[in-house]
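Only one structure is covered here, and it is reproduced in the block below.
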Amino acid sequence: MSPLADLPALPRRLAAAEPGWNETTDVVVVGSGIAGLTAALHLRERGLHVTVVTKVNIDDGSTRWAQGGIAAVLDPLDTPRAHAYDTEIAGVGLCDPEAVRVLVEEGPARIRELIRRGAEFDRHPDGSLMLTREGGHRADRIVHAGGDATGAEVQRALHAAVRRDPWIRLVEHALVLDLLRAADGRACGITLHVLGEGSEDGVGAILARAVVLATGGMGQIYASTTNPSVSTGDGVALALRAGAAVTDVEFVQFHPTSFVTSGLNSVQRPLISEALRGEGAHLVDENGTRFMVGQHEQAELAPRDVVAKGIYRVLRATGADHVFLDARHLGKEFLEGRFPTIMGSTRAAGVDPATELIPVAPAAHYASGGVRTDLRGRTSIPGLYACGEVACTGVHGANRLASNSLLEGLVFAKRIADDIGADLPAQAEPARTDPAPAWVADPAVRTELQRVMTRGAGVLRSADSLDTAAKELARLAESRATPNTAAWEATNLLTVAAALVASARTRRETRGCHWREDYPTAADEWRGHLLDSIDRDGGLTQTFQEMA
């Protein structure tokens, strides 16, 4: 059976009212996390006017949820080569070595730049930066803030810097809809819907000389995720509808240790940072046995796909829905000082890590794939750039190394700004009319879609489970609705879910985050990248690009 069989035809545009208002800027940045705000600040340094569009409020994306920290070579005894080695080992043969080199060599400068912008990282009494270790790293190279509140501090600093600049226009409560393209095919803006908070109510258009996607991830395609509710794959879906190539979407990292409790939101689970294991916490089964010892030389600090699979094997063998993280031996004083966020969230749910085991299980966490870009953040559509989790730069390969994500946003945001500053049209071109088919899915399908993807394309996959998922997605796509925010989000989820299932069916091997029960080993013939796109009729197309 073809990997594309039974999948739904997808819209080339979202059904929406014609834009009732418009404005013009030099560059529109879609997303307000570390990637989007860093790009905006660098673009302003080049004298460009920037409009930042964000889905809810400026601080509601994934960045502020990041606990562990940012990986970078800041210890004189560490080296970029060592950081690159750890990154490529985690990526299981699919990392782009040149992209990794860019990340590890330019990363330290971007961290220092972030500090100059006001980010306050944890330091020793002598003023030197505290560095810790996370899974897959063989050196202490993770900077952190507030113990386990790194993302919140980074977001605070960038938010403050953006607010100080009057030439950065911020549009909140705005859902991006589709890409606008000029007669020559170049990106020339976006359509968007601004909720009724002010005069710009409803669908509008922002015309720009370049567009930067920094919309984050797509964790909401699963029933349990560490991602916030806004992470509905909007940027990847927009790019697919526009005809851009996306790649490696089958590689979704499941964080091994999300907090499992019935007292909290069942879709977004609190993250129990890998840094807790980096400081010495152990994974144990219901009998108190450390099951990761002997499975990998780094035990609990193995790369995330290895640990997630180790936990999943225990869950399958026991029928339980969680294992445990044991941090009791670290002591109350240390835990409260180093991990105040984790201590607060777990205690609020009735679990005290100082005296009790923490129930944990894998949850969808990070998309290693996304919109295909080059080393300057350029997509396959001229004038359209992508940065952060929405992008696939080639850094992560088949599995992201812990704490490389925030670093990737910092490094490639700067590169995008450099490229835009060097090669920007004199003015925004008028948008052409797009006659492509437009429709939206019924928002009621969202919960069922999450169940379908969790069962069929979650941690463990097989031909049978993926075939079933494809058929179920096609059935869900038959339910249409009138345009509204929930319907647009449901359509984006359906679009990225279909692309993921297509690639997961094609890749007949187990590699990194992609675990096929029917193909349990990695295969040399699959050492390459699957590129997905949507044709003019809404059908998914796919090509395979071998690694050099």
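The values are calculated or read from the model by the stated rules, or taken from the named source; none is laboratory data. Quick caveat, the model's predicted, so the values are computed rather than measured. In this analysis, Cβ positions are derived from the backbone assuming ideal geometry, glycine residues included, and neighbour counts consider all displayed protein chains.
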Looking across segment 280-320 at residues that are among the charged types (D, E, K, R) and over 28 Å from Arg338 (Cβ atoms), the single one that is modelled with the highest pLDDT is Arg313
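Any residue in segment 451-458 that is surrounded by fewer than 20 Cβ atoms within 10 Å (Cβ to Cβ), farther than 19 Å from Ala71 by Cα and among the charged types (D, E, K, R)? Before you say what the answer is, go through the steps one by one.
Pass one, segment 451-458, residues surrounded by fewer than 20 Cβ atoms within 10 Å (Cβ to Cβ): 451, 454-455.
Next, only the ones that are farther than 19 Å from Ala71 by Cα stay: 451, 454-455.
Subsequent filtering for residues that are among the charged types (D, E, K, R) retains 451, 455.
The answer is yes, given that some residue of segment 451-458 is surrounded by fewer than 20 Cβ atoms within 10 Å (Cβ to Cβ), farther than 19 Å from Ala71 by Cα and among the charged types (D, E, K, R).
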In segment 435-485, anything part of a strand (DSSP E or B) and either hydrophobic (A, V, I, L, M, F, W, C) or touching a Phe, Trp or Tyr at 6+ places or on another chain (Cβ under 6 Å) (or both) is listed as Ala438, Ala441, Arg480
Only one of (1) free of Cβ contacts under 8 Å to residues at least 60 places away in the same chain; (2) crowded, with 24+ Cβ neighbours inside 10 Å; (3) among the basic types (Lys, Arg) does not apply to Arg141, and that is (1)
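Residues in segment 393-403: is at least one assigned by TED's automatic domain parsing to the domain that holds Thr225, under 29 Å from Gly528 (Cα atoms) and part of a helix (DSSP H, G or I)? First the steps, then the outcome.
First, the residues of segment 393-403 that are assigned by TED's automatic domain parsing to the domain that holds Thr225: 393-403.
Now restrict to residues that are under 29 Å from Gly528 (Cα atoms): 393-403.
Next cut, part of a helix (DSSP H, G or I) only: none.
No, segment 393-403 contains no residue that is assigned by TED's automatic domain parsing to the domain that holds Thr225, under 29 Å from Gly528 (Cα atoms) and part of a helix (DSSP H, G or I).
Consider Arg432 carefully, then state whether it is without any contact (Cβ under 8 Å) to a residue 24 or more places away in the chain and either hydroxyl-bearing (Ser, Thr, Tyr) or out of contact with any Phe, Trp or Tyr (no Cβ under 8 Å at 6 or more places or on another chain) (or both).
Details: without any contact (Cβ under 8 Å) to a residue 24 or more places away in the chain: no; either hydroxyl-bearing (Ser, Thr, Tyr) or out of contact with any Phe, Trp or Tyr (no Cβ under 8 Å at 6 or more places or on another chain) (or both): yes.
No; evaluated as a whole, the condition is false for this residue.
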Restricted to segment 233-270 and to residues being polar (S, T, N, Q), more than 15 Å from Cys392 (Cα to Cα) and touching a strand residue (DSSP E or B) at 6+ places or on another chain (Cβ under 9 Å), the residue modelled with the lowest pLDDT is Gln268
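For segment 93-118, which positions are in contact (Cβ under 8 Å) with a residue 12 or more places away in the chain and either among the charged types (D, E, K, R) or farther than 23 Å from Pro303 by Cβ (or both)? Outline the logic, then answer.
Within segment 93-118, the subset in contact (Cβ under 8 Å) with a residue 12 or more places away in the chain is 93-108, 110-111, 113-114, 117-118.
Hits for segment 93-118 are Asp96, Glu98, Arg101, Glu105, Glu106, Arg110, Glu113, Leu114, Arg117, Gly118.
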